[in-house]
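First up is the structure itself, then whatever we jot down about it.
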Amino acid sequence: MREVVTVQVGGFANFVGSHFWNFQDELLGLADDPAADAAFRTAPLDMDVLYRTGETLQVEPAYCPRLVSVGSRGSLGSLSSSGAPSLSSAASDQLNVTTWSGNVTRSVEKPHGRNLFLQSLTEQEPNPSTSNGGNNSQKSVEDKDLVECLEKDVNFWTDYTKVQYHPQSLYEMYGSWTDFDKFDNFGTAREVVSEWSLMEEMNEKLRFFVEECDHIQGIQFIVDDSGGFSSIAATYLENIADDYTNTPVLLYCVRDPVTHGSSRNQRDTITRSLHDAVSLSKLSSFCSLMVPIGLPSLSQSSLSPFLSIQDAKPFHSSAISAAAIHSVTVPFRLQNAGPASNIAHSSGNIDMRELVHIISDQGRQNMVTALDVAMPAPSLKDGNDLWNMKSLRTLTPEISDEEEDPYSVESLVVHGVLRAGGHRASISQVKDSVYSAYEGRATKPKFSHLSVSPCPLPIPLPFPSIFRSHIGQHGEILSNHAEGTQPKGSLDVESIPMAARLRSSNAVLPFIERRSLSLQKFGVARGSLGTQILRDWGFGREEMEDMSEHLSKMVRAFHPEGGLTSDSD
Amino acid sequence: GGLVGGAGDIKLTKDGNTLLKEMQIQNPTAIMIARTAVAQDDTSGDGTTSTVLFIGELMKMSERCIEEGTHPRFLVDGFEVAKKATLEFLETFKTPVVIGDQPDREILKMVARTTLRTKLYEGLADQLTDIVVNAVLCIRQSDQPIDLFMVEIMHMRHKFDVDTRLIEGLVLDHGSRHPDMKRRAENCYILTANVSLEYEKSEINAGFFYSNAEQREKMVTAERRQVDERVQKIIELKNKVCAGTDKNFVVINQKGIDPPSLDLLARAGIIALRRAKRRNMERLVLACGGEAINSVEGMTEDCLGWAGLVYEHVLGEEKYTFVENVKNPHSCTILIKGPNDHTIAQIKDAVRDGLRSVKNTVEDEAVVLGAGAFEMAARKHLIDNVKKTVKGRAQLGVGAFADALLVIPKTLAENSGLDTQDVIVSLENEHDRGLVVGLNHNTGEPVDPEMEGIYDNYSVKRQIVNSGPIIASQLLLVDEVIRAGRNMRKPT
């Protein structure tokens, strides 16, 4: 077992993380549940990779995510930063001050209410009437209310989290008066980042989790890079690179579709472009692999035939990114059955270092990868059929749909896929089907890696109702279904077969090129409009040129004259 | 005050800086003042509340003049003159402190106590006074600037205990990771290292990196051997320096140590800690001596530090390692025990301010009489000597500035439930008689701060006097623009 430590920085990153940990929590429950789908029990993912065993403050054993979550003050909603539900108002009334004998002024913020769902988590005993079979209808009415309450009203990522977090996990950044200065570009976080105690505290939290790892395989880092958090993450990543030099960092840059709003004026446009360029340059400098996720619209995307996503709800859009990230982590957690075992429970387990090696160290030295998902992944048909590669739809914005690239390198994860008839497909069936699909491609990738697990994505109760009506209970696509009904949610869909692919190919070139060009055009060129903006963000001439050069280098990795020839020997 | 957040998180504070950082301020003027006040804290470690008060009072005094028809420009000019004169006055008013090799511990204690008593009740403040003074004197090395990072501030959550103590040495917030390593050892060599003692390459099973299993096996073995050799070098050094004695050997490593390496070290009787925080590497060397090594090649006894006692303390799932009785304590730890997070946080904030006040005194080589004495004297100087040297309406600015200074003694009086006007009158009388007095906040009587040992930091005062009028002037001139805009719009 090799540990992964997870870091989440920024608003939307924590929305994504909240879903991600809900999946894990669901898996933990299903592995012990005799009534659960056999796939969850017979070949479970190794949860110790992501979780740690420890004690709560009340000295009870606790199994918690190895996680550091960073957000702004107030973003935890009704959850206290110690990971416990908020103190009752009575407890804060009894607050006695032992350090001061003079007058005390008390200012109490109106407590955030705990929604129906959160309340249901803390109810110790399940209602006895629901445990006998006769009253099942009553129970499902209750669950329906919970699902509905989340569809109606989610304000904080903590509103739908069902996970117990470690007291070291949650970090709220104080101050910075963000209501006034909008925290929406790289420069706005300057003051925050320069506050040494803040970075020090964030480093300490991470160190707590890394120190106890015997064989850390890597750090997965989710950042909301749409605004100031990008700069905070860049500084954090730089510290991580210093402190844990040889530990790979897999970085996901996630964006809420609503942050793609149109610009009001030219200055806005330039600021946005520069922000994107500076973010790419800075973030890519201190990670091993970078995965941009965040289409400007999911409701209009190619996922829409299966999923009904409301772009305005981060509760919805973050669920897709979380599902994709879950799939990418599957190979890190496959149990190694060993060569002696005849029955393959899984195939293609690799750790984070190997993944990085596969994607970015072979052929092109490109570390920006596209992420594609099939959600749900299509079922295998009978006979020698080719797995449908076209079912993979990209979540990475601004890339080309160029498929033909002989130098591309891919890592594909397929888990929980079904056969016709609704049975789980065996590992070898999936492998055969996928391999023949690769064989059938006109231009084969330079290298591809495949990981297969029978474990589908579990759909926990607090998952949004985003499945179209023709998605079945196990994520199969139903042929006979009623049109135009309401989207289905966690009460109708138990699990979803998934496929996810990380892809380093020239499809991502436009993403990088665009940023490289805007930095040259708006930032570096003499007398350009953006120079002043960059200066306000604290970048001198030299640093601008360094960033620009860094991006140009990333672009050059794609041009055949730039080193690929040496690889052909 | 006590702040209770939306999720029931509690923050206790007497510290203006903490308060400002916790508040969600929306008014742009307030944000500007808040930023200045927090910057004040960043540079001199204290004075946030005074800065806010002073700026507020300058604005209040200005408002009166403006209502009576004075143009803000005159006020700003007057502020400039008054500021310059006050800073000059501060130079003559301050009390020089001779630092030298043996600083005057008493005066350092007075400054620290004055600061701490503004944040904590007297008994607790007085208990911390010695600790912060001793901590700064411990890390101070002649001819070098004081680096307060060399004072580690640690905390432990403890059910009943409220206690703070100074450890001449270090407390690390982790322990060894092997069951067979000693939990307590005396007479310890300390090896401070930044060397990877873990096998970092992954176990290859994807199958395509190496052409065959044998080659793969070879690579894995070779890499493991390199790690083992590094561990072996450390064990050799241990055997060399410890063999035949009752001495012990402790490795504190910034990088990782994996279980096979821990096993080897444990079998050799070595205590090993991994992933020590970067700053502790520096602190360890300052506390224990020796040097931080980046490679095990050419390691000698000279690289090693020394500690009389190393022991582990377990509290729930948290482990602490104490490194005490060290050779040359130029780094130390202040350990705060408290029953809950908000008590710990408040003491920690106060300790930081206390440390800064001692450091400031050592660096300023001066202190300023407190309890409002300076503000009273400076006001008198401005009214008696400076105001008349200014021509025209700028005089109003000097007057406003002088009156605004009174906000400090006024607030002291207010906080003690005294009548502010009575207090100011009686203090003024004393100053008119040529006595430099401040306010005894218990009795409301004038008091000689020198006798009572109430001293403030020179640099803090200087910064308040300096930045207050700058911000007030900016606000006044912005206001002027707004006023002008409003007037232009009116005729339409």
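No value in this document is a laboratory result; all are computed from the given coordinates. Everything numeric in this text was worked out from a predicted model, so none of it was measured. With ideal geometry, Cβ positions are generated from the backbone for all residues, glycine too; neighbour counts draw on all protein chains shown.
Overview of values
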quantity	calculated
Part-to-part distance (alpha-carbon centres) for the range B:77-139 and the range A:263-311, which is given in Å	52 Å
Kirkwood Rh, Cα atoms: Rg over Rh of the range A:511-557	0.97
Packing-based ranking, highest mean first, of A:311-320, A:550-559, A:11-20 given that Cβ atoms within 10 Å are counted	A:11-20, A:311-320, A:550-559
Label point 7 Å beyond Cα of residue B:300 along Cβ direction - residues of the range B:231-274 with amide nitrogen under 19 Å	B:233-243
16 Å tail of the calculated P(r), the range B:127-166, as % of Cα pairs	46 percent
Under-5 Å amide H pairs with residue A:216, H placed in peptide plane, nonlocal only	A:3
Charge sum, other residues only, whose C-beta stays under 12 Å from residue A:283's C-beta, Lys/Arg counted +1 and Asp/Glu -1	-2
Charge context of residue B:307, other residues only, Cβ under 14 angstrom, K/R +1, D/E -1	+1
Overall form of the range B:260-318 per C-alpha gyration tensor (a/c, 1.5; a/b vs b/c)	oblate
Residue-wise HN-Hα coupling along the range A:156-170, computed from phi with Karplus coefficients 6.51, -1.76, 1.60 (Hz; x: Gly, Pro)	10, 5, 6, 5, 10, 8, 10, 9, 8, 9, 6, x, 7, 7, 9
Environment charge of residue A:61, counting only residues whose C-beta is closer than 13 Å and scoring Lys/Arg +1, Asp/Glu -1	-2
Kirkwood hydrodynamic radius of the range B:79-186, Cα pairs, Å	17.9 Å
Prolate/oblate/rounded call for the range B:319-368, Cα gyration tensor, a/c under 1.5 rounded	oblate
Shielding by partners, peptide A:206-219 (average Cβ within 10 angstrom, other chains)	4
Greater than 32 Å apart at Cα, pairs in B:83/B:348; B:240/B:277; A:162/A:390; B:238/B:359	B:83/B:348; A:162/A:390; B:238/B:359
Spherically averaged projected area of the range A:404-560 from its Cα convex hull (nm²)	14.7 nm²
Amide H contacts under 5 Å for residue B:293, placed H, 5+ residues apart	B:192, B:193, B:194
Viscosity 0.692 mPa s, temperature 37 °C, Stokes-Einstein D of the range B:170-328 from Kirkwood C-alpha radius, µm²/s	200 µm²/s
Rh (Kirkwood; distinct C-alpha pairs) - the range B:223-305, Å	13.3 Å
Residues with amide H under 5 Å from that of residue A:228, placed H, sequence gap 5 or more	A:184, A:185
